[in-house]
1. Arrange 96, 112 by Cβ neighbour counts within 10 Å, fewest through most, would you?
2. If I take R0 = 41 Å and measure r between the Cβ atoms of residue 173 and residue 90 in this structure, what FRET efficiency does the formula 1/(1 + (r/R0)^6) give, to the nearest 0.05?
3. Quick one: length gained pulling residue 37 to residue 74 fully straight, 0.36 nm per residue minus the C-alpha distance?
4. What ranking do 127, 153 get, fewest neighbouring Cβ atoms within 10 angstrom at the top?
5. Which of the peptides 136-147, 77-88, 97-108 is most tightly packed, and how do the rest follow, going by the mean number of other Cβ atoms within 10 Å of each residue?
6. Need one number: nm distance between label points at residue 45 and residue 152, each 7 Å from Cα along Cα→Cβ, rounded to one decimal.
């Protein structure tokens, strides 16, 4: 007598009905890339072109205009300190925001140490690449700000598991 093996067959149960999500995706999740692209485009346009109240005869770009205005003194001081890094070298400036004027410079220059000097060093690197004019400093700032905004956009796209309220607050921080 031949022994016959019994083969067991299991049947997979398929769930026919889709599982409903608790919440529908919000506006932030649906249109995130469009919103982030719009923020980047607005930032580029406002950094390059002049949208202030000027006469219609003025047809210049903001990027090549000298520093002036309420807060431009900080940008002008940063550019001047970066020029000193480029002109006199890091051996003279010691990596600090150095306020040296003249050729030859003073033996003991006045240094501004109340704020971190990394921004000045980054601007000096941009001046080494592009030059020391005002528009070249603004161009380097623009080139740096676009990848940073893209990185923020990437980080926020990975944070979709957060609540919509947090996403809205983050987008408002990006806007202002």
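Quick note: the coordinates plus some simple rules give every number you see, no bench work behind them. Since the model is a prediction, treat every value here as computed from it, not as a measurement. Please note: Cβ atoms are built from the backbone with ideal geometry, for glycine as well, and neighbour counts cover all protein chains shown.
1. With the sparsest Cβ surroundings first, the list reads 112, 96.
2. For R0 = 41 Å, the calculated efficiency reads 0.70.
3. 10.5 nm
4. Fewest to most other Cβ atoms nearby, the residues stand as 153, 127.
5. 77-88, 136-147, 97-108
6. Reported label-point gap for residue 45 and residue 152 is 1.8 nm.
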